[in-house]
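Asks: There's a structure below that I have some questions on.
The values are calculated or read from the model by the stated rules, or taken from the named source; none is laboratory data. These numbers come from a predicted model, not from an experiment. Backbone-built Cβ (ideal geometry, glycine too); neighbour counts: all protein chains shown. Calculation scope for accessible area: heavy atoms of the full protein, side chains included, ligands and nucleic acids excluded. Shrake-Rupley method; radii C 1.70, N 1.55, O 1.52, S 1.80 Å.
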Amino acid sequence: MRQILATMTFAFGLIGLAVPSLAATQYPLTITNCGEQVTFQKAPSKIVSIGQGMTEILFSLGLAEKIAGTAVWVGPVLPQYAEANSKIKRLADNDPSFESVVGQEPDLVAAEFEWHVGAQGSVGKREQFQDLGINTYLAPADCVAKVNTDGGDGVRKELFTMELVYREIAELSEIFDVKERGDALISKLKKREADAVASISGASGKNLPIVFWFSSKEVNGDAFIAGKNSAPAYILKAIGARNVLTTEEEWPLVGWETIAQANPAVMVLATMDRRRYAADDPKVKIDFLENDPVTKELDAVRNKHFVMMDAQSMNPTIRTIDGIETLANGIKSFGLSQ
């Protein structure tokens, strides 16, 4: 009997060694990503990441050592990844060239926005990379129920939710065979999202009219304002406030006379290190608002109801959750909550 049990134990041990973990990715892996079929023969070994939000998700999945280059930065990296980020080549603060990306010899180019890598990609088209044997991956948040054919920030047909970011994490963790890390990250973020919503239960926005101003190409020109289905719209829904815009465009350029008609009670101003446009600097934004003959009469400006928010919290990223708390705390501080 002992011999039989020993034989069975040995056999099962061999079976355990032979059968891969249920969590392990099976290659070749084919996924549908933003309308394209992408097949991975193995986990990518060298990545170029285009977009700060994409890069920070890769960092969060413990994939820093696989990143050969990054581009498109709005502000500082999350503090916990500062050291890892300092060792990675930055190809450009804004859009990198196609040549600089392929020059890193990546087997995957991961992009946060389709207007960088897509049909009208400012960096390159997906087929250009595919012709060189380089796979591409785009953030689902920039293509699911979203149309990016005008060369701008696109038109979002459905309200953004964090589920699109969780989908991105799940897909990347499967591509890189780190599904346990992905599951843990999603669980952590879902808890943070729930906690953020719970923390503002006593700070309802009471249908307050609020505007999110990202930037402007010219200080006194039209402003990039968050549309009704954008990440800021998700933040507003979470706290019960109201977006002053009803357009499906993600970040339409809007004239200040139009904004004045809505007379927002609160203005959320993007903060960033980027200085691509004239109004990237939040100090420039405030100076304009307080001195322009139209904007200085707005309730939000007269009462100095400005909420400074990290620009990445206004994009569909893992930081969007932070935006809920930032705006809720601002509303509380102004005495505008219930």
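Asks: Can you find even one residue in the range 306-326 that is over 22 Å from the mean Cα position of the chain (by Cα) and either among the hydroxyl-bearing types (Ser, Thr, Tyr) or open to solvent by less than 30 Å² (accessible area, probe 1.4 Å) (or both)?
Replies: No, the range 306-326 contains no residue that is over 22 Å from the mean Cα position of the chain (by Cα) and either among the hydroxyl-bearing types (Ser, Thr, Tyr) or open to solvent by less than 30 Å² (accessible area, probe 1.4 Å) (or both).
Asks: Hey, does the range 87-101 have a residue that's among the basic types (Lys, Arg) and buried (at least 17 other Cβ atoms within 10 Å of the Cβ)?
Replies: Checked the range 87-101: no residue is among the basic types (Lys, Arg) and buried (at least 17 other Cβ atoms within 10 Å of the Cβ).
Asks: Mind listing just one residue for me: the one in the range 121-151 that is part of a loop (DSSP other than H, G, I, E, B) and over 17 Å from Glu250 (Cα atoms) and, of those, most open to solvent (accessible area, probe 1.4 Å)?
Replies: Taking the candidates together, the pick is Leu132.
Asks: Find the residue count for the range 152-174, including only residues that are under 24 Å from Pro28 (Cβ atoms) and surrounded by 18 or more Cβ atoms within 10 Å (Cβ to Cβ).
Replies: Here the count works out to 6.
Asks: Give the residues of the range 294-338 that are over 23 Å from Gly75 (Cβ atoms) and aromatic (Phe, Trp, Tyr), sorted by residue number.
Replies: Once the filter is applied, which keeps residues that are over 23 Å from Gly75 (Cβ atoms) and aromatic (Phe, Trp, Tyr), the range 294-338 yields only Phe334.
Asks: In this structure, is Glu83 closer than 22 Å to Ala311 by Cα, open to solvent by 20 Å² or more (accessible area, probe 1.4 Å) and of a type in the set (D, E, K, R)?
Replies: Against the criterion (closer than 22 Å to Ala311 by Cα, open to solvent by 20 Å² or more (accessible area, probe 1.4 Å) and of a type in the set (D, E, K, R)), Glu83 qualifies.
Asks: Further question on the same structure: As an exercise: evaluate Ala196 against (1) at pLDDT below 95; (2) open to solvent by less than 40 Å² (accessible area, probe 1.4 Å); (3) part of a loop (DSSP other than H, G, I, E, B) and give the number of the one condition it does not meet.
Replies: (3)
Asks: Also, I was wondering about something else. Exactly one condition in (1) modelled with pLDDT under 95; (2) within 20 Å of Glu218 (Cβ to Cβ); (3) of a type in the set (Ser, Thr, Tyr) is not met by Thr258; state its number.
Replies: Answer for Thr258: the failing condition is (1).
Asks: Between Leu185, Leu245, which is aliphatic (A, V, I, L, M), buried (at least 20 other Cβ atoms within 10 Å of the Cβ) and assigned to a loop (DSSP other than H, G, I, E, B)?
Replies: So the residue among Leu185, Leu245 that is aliphatic (A, V, I, L, M), buried (at least 20 other Cβ atoms within 10 Å of the Cβ) and assigned to a loop (DSSP other than H, G, I, E, B) is Leu245.
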